[in-house]
Ligand SMILES: [Zn+2]
């Protein structure tokens, strides 16, 4: 005899059965979703074979799941063209950054060329020839060493522009003093114009190093200001 809940007439056996069946129905649901069953599959199948209520529930659940999966996805307007059209052609600042990189590369290449040429000018004096200069042998060697050191500074800054500021005090001093004495010597006729002209190469290198140093200096405060704004 089936116990009946007082007042409702509902069979208590249903509650008892559904309590027993609950884990199996969870397992059926898991199987439909492709998830772990939480019990051996054989146990579930055995229960479904022996419990018409659960077997019916499993069929119904399977049908609902299938229907949900087969429902066509709602039509979504294709906004690809509109979104791509609304995008700026280039992100702000990208063109400026590319231009800045190009200028930086050009400056470094120019400095590299000046460094190589400067080394070419310095080498003969260093290795002995004094024919080009009317100077005692050791003075010629010393001058060659200085000029080669300047060439090395140019090449080092071309390779690593962060060294530019550090190289400036020496290079600017050398460049300014050389200019002053060369102009004076030209006026007094102590130096040939072509020898003096070779110093233009050195001056060009000093200017390039100064520009590289200035560009690094002018870039840094901007970055600091930008960081300050973000944290403010
Ligand atoms: Zn059952």
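Taken together, the values in this text are just the output of simple stated rules run on the coordinates, not laboratory data. Given the structure is predicted, the values throughout are model-derived calculations rather than measurements. In this analysis, Cβ positions are derived from the backbone assuming ideal geometry, glycine residues included, and neighbour counts consider all displayed protein chains.
Summary of computed values
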{"read-out": "Residue order, fewest to most beta carbons within 10 Å, for 54, 21", "value": "21, 54"}
{"read-out": "Virtual paramagnetic centre 7 Å along Cα→Cβ of residue 195, amide N under 11 Å, in the stretch 172-186", "value": "185-186"}
{"read-out": "Neighbour-count ranking [beta-carbon atoms within 10 angstrom, fewest first] of 127, 65, 179", "value": "127, 65, 179"}
{"read-out": "Kirkwood-based Rg to Rh ratio, the stretch 18-108, C-alpha trace", "value": "1.57"}
{"read-out": "Solvent-free Debye scattering, log10 I(q)/I(0), computed from the Cα coordinates of the stretch 25-74 at q = 0.19, 0.22 Å⁻¹", "value": "-0.63, -0.78"}
{"read-out": "Kirkwood Rh (inverse of mean 1/r, distinct Cα pairs), the stretch 97-231, angstrom", "value": "16.3"}
{"read-out": "Cβ-based exposure ranking for 216, 101, in which fewest neighbours within 10 Å come first", "value": "101, 216"}
